[in-house]
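Asks: Got a structure here, written out as structure tokens. Questions coming.
The values are calculated or read from the model by the stated rules, or taken from the named source; none is laboratory data. Quick caveat, the model's predicted, so the values are computed rather than measured. Virtual Cβ from ideal backbone geometry, glycine too; neighbours counted across all protein chains shown. The accessibility values were calculated without ligands, DNA or RNA, using every heavy atom of the protein model including side chains. Shrake-Rupley method; radii C 1.70, N 1.55, O 1.52, S 1.80 Å.
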Amino acid sequence: MYIIWKKLIIYRIVETAKENQLNPLRYLSHVLEQLPLINITDDATLYAFMPWSDKIPTNCHVPKITT
């Protein structure tokens, strides 16, 4: 049952990234690379890593297609 919860959490993170026009692989790579370097007890710092944050690097965003 614990494994199902882990998969569900990862699925939700990926889907939330997609909903916020982020490339899930780039977003997760960014988060996993940066988390060991930050103070995770600071809410403002953690908020910067949320998929809807304007602090997410542009290389994590899906390019907008213009017609």
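Asks: Looking at region 1-30, I want the residues that are closer than 14 Å to Trp52 by Cα and have a partner that is outside any helix (DSSP H, G or I) and open to solvent by 70 Å² or more (accessible area, probe 1.4 Å) with Cβ atoms under 7 Å, at least 6 apart or on another chain. Which pairs are those?
Replies: Cβ pairs passing all conditions: Asn20/Trp52; Gln21/Val62; Leu22/Val62; Asn23/Val62.
Asks: Within region 48-67, how many residues turn out to be in contact with a Phe, Trp or Tyr (Cβ under 8 Å, 6 or more places away or on another chain) and surrounded by 12 or more Cβ atoms within 10 Å (Cβ to Cβ)?
Replies: 3
Asks: I've got another one for you. Say we look at region 8-47 and pick out the residues that are modelled with pLDDT of 95 or more and outside any helix (DSSP H, G or I); which of these is surrounded by the fewest Cβ atoms within 10 Å (Cβ to Cβ)?
Replies: Gln21
Asks: Here is a check on your reading of the model: is Pro51 in contact with a strand residue (DSSP E or B) (Cβ under 7 Å, 6 or more places away or on another chain) and either assigned to a loop (DSSP other than H, G, I, E, B) or at pLDDT 95 or above (or both)?
Replies: Values: in contact with a strand residue (DSSP E or B) (Cβ under 7 Å, 6 or more places away or on another chain): yes; either assigned to a loop (DSSP other than H, G, I, E, B) or at pLDDT 95 or above (or both): yes.
Yes: the conditions hold for Pro51.
Asks: Restricting to region 19-60, name every residue that is of a type in the set (D, E, K, R) and under 9 Å from the mean Cα position of the chain (by Cα).
Replies: The answer is Arg26, and nothing else.
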